[in-house]
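Student: Okay, handing you the structure first.
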Amino acid sequence: MPRLAAEPSHRQIFALAWPIILANIANPLLGLVDTAVIGNVGQVQDLGAIALGSLIFLFLYWAFGFLRMGTTGFVAQADGAGDSAEARATVQRALMLAAVLGGLLLAAQMPIGQLSLQLFSASDVVEDVTAEYFRVRIWGAPAALGVFVLMGALIGLGASRALLWLQLLMNGTNIVLDLWFAGLLGWGARGIALGTALAEWLTLAVALWVVLRRLRRRHQDSEAFWPWPRLMDSARLRALLQANSDIMIRTLLLLGCFAWFTQQGARFGDAVLAANAVLITFLLLLSNLLDGFANAAEALVGDAHGRHDRQALRQAIGATGRWTVACAALGLIAFSLGGVPLIHLLTDLPGIRDTAITYLPWMLLLPLTASAGFWLDGIFVGATWGAAMRNTMLLAVGIFFVLWALTLGWENHGLWLAMNGFMAGRGIVMGWVLKKRLAG
């Protein structure tokens with residue numbers, strides 16, 4: 001694939017975004033297939049174990065999302081600068097980091113599994129099956145982390161269509177193995193875990209082949225394909241580790257904020273807890289749309305940053321910003337018109353439906369308050385402003401807790417006000433940082 005255009009067009013932005021949007025939509029379908037297979041051939045404890053085990057790995061892998069984001073920014077900048085040797089070295093450094101972290105996860109799997117089961121409590125029978133699910137699936141963790149790196153490299157290279165095909169490969173392989181191991185062989189939750197782990201390793205192998213092929217096409221320099229002197233360059237290693245640690249702290253703060261939101265909602269009763277979970281689904285749907293254009297911003301901003309092209313940088317920011325505004329407007333219209341029908345689709349329990357509809361107006365604000373943060377995340381990742389992402393998230397979390405403390409008497413209404421304030425505050429603070437850096 002040729003390098004990104006110096007002046008990004010709306011057509012190019014959409015071409016980068018739509019495969020990622022489809023990949024995001026395809027990802028949750030895997031959980032539905034797991035549930036459907038076990039729901040027909042497994043036991044109750046198998047179904048509960050898959051739900052609990054999938055949640056554990058969701059949080060575990062979300063914490064390592066910095067491997068994807070950190071790789072994207074550095075690869076996009078190197079590719080924009082025409083430094084193909086540095087692009088190759090960046091991928092290799094990130095893969096080495098993923099291998100080390102994957103090995104640590106395997107080494108520490110017992111305490112991680114025990115701690116996870118303590119945090120997400122269930123019945124003794126479900127916990128026993130979940131522990132078995134965890135022991136099998138954890139062996140796919142090194143592959144999953146490597147896939148994060150390679151998908152980040154593909155976004156940085158502007159090859160989002162390849163990312164979509166890899167996501168479909170992983171999901172398709174997993175579905176076939178689910179049907180084989182759990183459906184035909186009757187291995188239950190253990191079979192689902194094994195199928196997922198094997199699918200992750202197969203996807204890693206194919207993704208590595210795809211990325212290496214694209215990097216070889218760009219290999220026009222005189223250095224070796226694997227430039228070892230660059231790989232061990234201490235300054236570049238420190239930059240990668242610093243950026244990744246900053247993004248990891250930012251992600252953990254974000255996870256902590258959502259965990260606190262869930263925990264506080266539980267204090268107001270089971271109906272409120274369930275209603276909040278239903279409404280958060282709206283945000284997940286919106287994020288699938290916004291992430292496509294945020295990832296396009298990562299590639300375009302990183303490319304312009306690598307070329308030291310201020311005009312292209314401003315054009316990339318402006319064009320992706322307009323797409324984000326369009327997505328926010330679309331989300332607002334869709335939630336306004338389809339919010340109540342979607343709640344009825346997600347639950348048939350009258351008490352939860354009525355409670356969710358009561359708090360629906362707060363969710364209607366989220367397209368307005370949250371969209372800027374997703375877009376600016378893409379800009380900051382592309383520019384490798386990891387420290388700024390960390391610091392602005394710290395400020396946003398502070399806004400969340402201040403608003404929560406000031407509105408304790410409002411109960412769940414206050415909690416939703418704090419969530420909207422957190423999202424809006426993140427966008428405002430990041431926008432102020434962006435304005436300062438562009439002016440400078």
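The values are calculated or read from the model by the stated rules, or taken from the named source; none is laboratory data. This structure is a prediction, so every number in the text was calculated from the model and none was measured. Cβ atoms come from the backbone with ideal geometry, glycine included; neighbour counts cover every protein chain shown. Please note that ligands, DNA and RNA were not included when accessible areas were found on the heavy atoms of the full protein model with its side chains. Shrake-Rupley method; radii C 1.70, N 1.55, O 1.52, S 1.80 Å.
Student: Could you tell me whether any residue of the stretch 107-129 is at pLDDT below 90 and of a type in the set (Phe, Trp, Tyr)?
Tutor: Yes - at least one qualifying residue is present in the stretch 107-129.
Student: Looking at (1) of a type outside the set (Ser, Thr, Tyr); (2) in contact (Cβ under 8 Å) with a residue 24 or more places away in the chain; (3) within 26 Å of residue 149 (Cα to Cα), find the lone condition where residue 258 falls short.
Tutor: The number of the failed condition is (2).
Student: Next up: Here is a list of conditions, (1) closer than 30 Å to residue 12 by Cβ; (2) over 24 Å from the mean Cα position of the chain (by Cα); (3) assigned to a helix (DSSP H, G or I); (4) of a type in the set (Phe, Trp, Tyr), and residue 209 meets all of them except one; can you say which number that is?
Tutor: (2)
Student: From the list 284, 237, which residue is over 27 Å from residue 434 (Cβ atoms), part of a helix (DSSP H, G or I) and open to solvent by 40 Å² or more (accessible area, probe 1.4 Å)?
Tutor: Exactly one residue qualifies, and that residue is 237.
Student: Considering only the stretch 325-348, how many residues are out of contact with any helix residue (DSSP H, G or I) (no Cβ under 7 Å at 6 or more places or on another chain) and among the β-branched types (Val, Ile, Thr)?
Tutor: 2
Student: Separate question: Restricting to the stretch 349-372, give me the number of residues that are out of contact with any helix residue (DSSP H, G or I) (no Cβ under 7 Å at 6 or more places or on another chain) and either open to solvent by less than 40 Å² (accessible area, probe 1.4 Å) or outside any helix (DSSP H, G or I) (or both).
Tutor: Matching residues across the stretch 349-372 total 1.
Student: Let me ask another. Using beta carbons and a limit of 8 Å, which pairs, at least six apart or on different chains, have the first residue in the stretch 159-171 and outside any helix (DSSP H, G or I) and the second one of a type outside the set (A, V, I, L, M)?
Tutor: 159/214
Student: Among the residues that make up the stretch 373-394, is at least one of them surrounded by fewer than 16 Cβ atoms within 10 Å (Cβ to Cβ), closer than 30 Å to residue 80 by Cβ and in contact with a helix residue (DSSP H, G or I) (Cβ under 7 Å, 6 or more places away or on another chain)?
Tutor: yes
Student: Does residue 280 satisfy the criteria of being of a type in the set (A, V, I, L, M, F, W, C), under 30 Å from residue 87 (Cβ atoms) and in contact with a helix residue (DSSP H, G or I) (Cβ under 9 Å, 6 or more places away or on another chain)?
Tutor: No: the conditions fail for residue 280.
Student: Could you tell me whether any residue of the stretch 391-400 is more than 21 Å from residue 244 (Cα to Cα), within 26 Å of the chain's Cα centre (by Cα), assigned to a helix (DSSP H, G or I) and among the aliphatic types (A, V, I, L, M)?
Tutor: Checked the stretch 391-400: at least one residue is more than 21 Å from residue 244 (Cα to Cα), within 26 Å of the chain's Cα centre (by Cα), assigned to a helix (DSSP H, G or I) and among the aliphatic types (A, V, I, L, M).
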